[in-house]
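A.B. asks: Structure provided below as structure tokens; questions to follow.
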Amino acid sequence: MRVVFVHGACVRDGAWWWHPTAAVLRERGIDSVAPELPSCSPAAGPDGPGLAEDVAAVRAVLSSGDEPTVVVAHSYGGIVTAEAAAGIETVRRLVFVSSYLPEPGESLSTFGADTPPPFLDFDPDGGTFGARPDLFAETFMQDCPPDLISAGAARLVRQTLAVTGQPVQAAAWHDVPTTYLLCADDRGTPAAAQRAFSRRADRVAEVAAGHHPFLSQPRMVADLVAQY
């Protein structure tokens with residue numbers, strides 16, 4: 001068994017966000033990998049990589065081995081995974097963490113509010129968006145250790161704005177068993193929105209955690225993933 005972790009929006013170094021949970025899984029003989037999403041990079045911009053490139057990057061990893069695979073998708077990573085995991089026979093389980101479960105034709109903007117959230121900064125002229133550094137800790141990492149908060153903030157990047165409106169072409173969760181990990185204390189993706197998404201999954205687990213439980217409660221997340 002292996003685990004493929006798909007990180008969320010506006011951050012780099014996918015493996016870093018996953019590393020505390022990955023360490024616990026390694027103790028149990030379970031390997032993991034965390035591909036980078038091209039839209040979250042210095043190349044982001046009006047003509048920068050978008051959802052198609054993110055999907056291709058994740059799909060390449062999923063197609064690269066023959067081991068039974070669990071995909072753990074976080075936040076925006078759920079948009080990517082919905083399409084990237086479709087039709088990959090080795091994928092045995094999807095785990096969505098405070099994430100989106102889009103139907104074909106739906107995009108990130110489908111689920112957005114009429115007013116942009118205050119913790120995100122949008123630059124239409126520059127073709128990018130990002131998390132506001134001054135609100136990042138209190139919105140997304142309020143329950144994480146201080147050293148991880150500072151290290152996480154250092155990994156914020158701008159992302160290609162076009163990904164917010166680019167629809168997915170497939171919904172792997174229709175055909176693959178899916179677990180939704182609902183983070184009740186998340187200040188970025190409210191619990192009420194998560195509950196709506198979770199109704200599309202066949203299993204739901206709820207935890208008193210913020211947006212990054214794989215950093216704040218790595219053993220709990222490892223326990224959840226390892227059971228599959």
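The values are calculated or read from the model by the stated rules, or taken from the named source; none is laboratory data. None of these values were measured; they are calculated from a predicted model. Backbone-built Cβ (ideal geometry, glycine too); neighbour counts: all protein chains shown.
A.B. asks: Just for the range 128-162: of the residues that are of a type in the set (G, A, S) and either in a loop (DSSP other than H, G, I, E, B) or in contact (Cβ under 8 Å) with a residue 40 or more places away in the chain (or both), which one is surrounded by the fewest Cβ atoms within 10 Å (Cβ to Cβ)? It would help to see each step written out before you state the result.
C.D. replies: In the first step, residues of the range 128-162 are kept if they are of a type in the set (G, A, S); the result is 130-131, 137, 150-154, 162.
Filter once more, keeping what is either in a loop (DSSP other than H, G, I, E, B) or in contact (Cβ under 8 Å) with a residue 40 or more places away in the chain (or both): 130-131, 151-152, 154, 162.
Working: G130: 20, A131: 24, A151: 17, G152: 21, A154: 11, A162: 21.
So the residue we want is A154.
A.B. asks: Going by the conditions given, is S63 of a type outside the set (D, E, K, R), over 27 Å from R200 (Cα atoms) and either surrounded by fewer than 24 Cβ atoms within 10 Å (Cβ to Cβ) or out of contact with any Asp or Glu (no Cβ under 8 Å at 6 or more places or on another chain) (or both)? Quick ask: steps written out before the conclusion?
C.D. replies: Details: of a type outside the set (D, E, K, R): yes; over 27 Å from R200 (Cα atoms): no; either surrounded by fewer than 24 Cβ atoms within 10 Å (Cβ to Cβ) or out of contact with any Asp or Glu (no Cβ under 8 Å at 6 or more places or on another chain) (or both): yes.
So S63 does not fit the description; no.
A.B. asks: Here is a follow-up. Using the structure shown, decide if G210 is in contact with a helix residue (DSSP H, G or I) (Cβ under 7 Å, 6 or more places away or on another chain), under 25 Å from E103 (Cβ atoms), touching a residue at least 12 places away in the same chain (Cβ under 8 Å) and assigned to a loop (DSSP other than H, G, I, E, B). Quick ask: steps written out before the conclusion?
C.D. replies: Details: in contact with a helix residue (DSSP H, G or I) (Cβ under 7 Å, 6 or more places away or on another chain): yes; under 25 Å from E103 (Cβ atoms): no; touching a residue at least 12 places away in the same chain (Cβ under 8 Å): yes; assigned to a loop (DSSP other than H, G, I, E, B): yes.
It is false that G210 is in contact with a helix residue (DSSP H, G or I) (Cβ under 7 Å, 6 or more places away or on another chain), under 25 Å from E103 (Cβ atoms), touching a residue at least 12 places away in the same chain (Cβ under 8 Å) and assigned to a loop (DSSP other than H, G, I, E, B).
A.B. asks: With respect to R92, is the statement that it is in a strand (DSSP E or B) and surrounded by fewer than 18 Cβ atoms within 10 Å (Cβ to Cβ) true? Before you say what the answer is, go through the steps one by one.
C.D. replies: Working: in a strand (DSSP E or B): yes; surrounded by fewer than 18 Cβ atoms within 10 Å (Cβ to Cβ): yes.
Against the criterion (in a strand (DSSP E or B) and surrounded by fewer than 18 Cβ atoms within 10 Å (Cβ to Cβ)), R92 qualifies.
A.B. asks: Look at A170 and say whether it is among the small types (G, A, S), in contact with a helix residue (DSSP H, G or I) (Cβ under 6 Å, 6 or more places away or on another chain), surrounded by fewer than 22 Cβ atoms within 10 Å (Cβ to Cβ) and within 30 Å of D47 (Cα to Cα). I'd like the intermediate steps shown before the answer.
C.D. replies: Working: among the small types (G, A, S): yes; in contact with a helix residue (DSSP H, G or I) (Cβ under 6 Å, 6 or more places away or on another chain): yes; surrounded by fewer than 22 Cβ atoms within 10 Å (Cβ to Cβ): yes; within 30 Å of D47 (Cα to Cα): yes.
Criteria met by A170.
A.B. asks: May I pose another question? Restricting the search to the range 15-31, which residues are of a type in the set (A, V, I, L, M, F, W, C) and either surrounded by 16 or more Cβ atoms within 10 Å (Cβ to Cβ) or modelled with pLDDT under 95 (or both)? If you could, list the steps in order and put the result at the bottom.
C.D. replies: Narrowing the range 15-31 to residues of a type in the set (A, V, I, L, M, F, W, C): 15-18, 22-25, 30.
Listed by number, the residues that qualify are W16, W17, W18, A22, V24, L25, I30.
A.B. asks: Continuing with this model, one more query. Would you confirm whether or not the range 107-121 contains a residue that is small (G, A, S) and in contact with a helix residue (DSSP H, G or I) (Cβ under 6 Å, 6 or more places away or on another chain)?
C.D. replies: Filtering the range 107-121 for residues small (G, A, S) gives 107, 109, 112-113.
Of the ones still in play, those that are also in contact with a helix residue (DSSP H, G or I) (Cβ under 6 Å, 6 or more places away or on another chain) are 109.
Yes, the conditions are met somewhere in the range 107-121.
A.B. asks: When you scan the range 169-200, how many residues do you find that are of a type outside the set (F, W, Y) and not in a loop (DSSP other than H, G, I, E, B)? Before you say what the answer is, go through the steps one by one.
C.D. replies: Step one: list which residues in the range 169-200 are of a type outside the set (F, W, Y), which gives 169-172, 174-179, 181-196, 198-200.
With the extra rule that they be not in a loop (DSSP other than H, G, I, E, B), the set shrinks to 172, 174, 178-179, 181-183, 191-196, 198.
Adding up the residues that qualify gives 14.
A.B. asks: A further question on this structure: Give T81, T69, T21 a once-over and let me know the one that is in contact with a Ser or Thr (Cβ under 7 Å, 6 or more places away or on another chain) and among the hydroxyl-bearing types (S, T, Y).
C.D. replies: Values: T81 fails: in contact with a Ser or Thr (Cβ under 7 Å, 6 or more places away or on another chain); T21 fails: in contact with a Ser or Thr (Cβ under 7 Å, 6 or more places away or on another chain).
After applying the criteria, what remains is T69.
A.B. asks: Determine which single condition S109 fails, assuming it passes every other condition in (1) in a helix (DSSP H, G or I); (2) within 17 Å of the chain's Cα centre (by Cα); (3) of a type outside the set (K, R); (4) surrounded by 13 or more Cβ atoms within 10 Å (Cβ to Cβ).
C.D. replies: Only one criterion in (1) in a helix (DSSP H, G or I); (2) within 17 Å of the chain's Cα centre (by Cα); (3) of a type outside the set (K, R); (4) surrounded by 13 or more Cβ atoms within 10 Å (Cβ to Cβ) is unmet by S109, namely (4).
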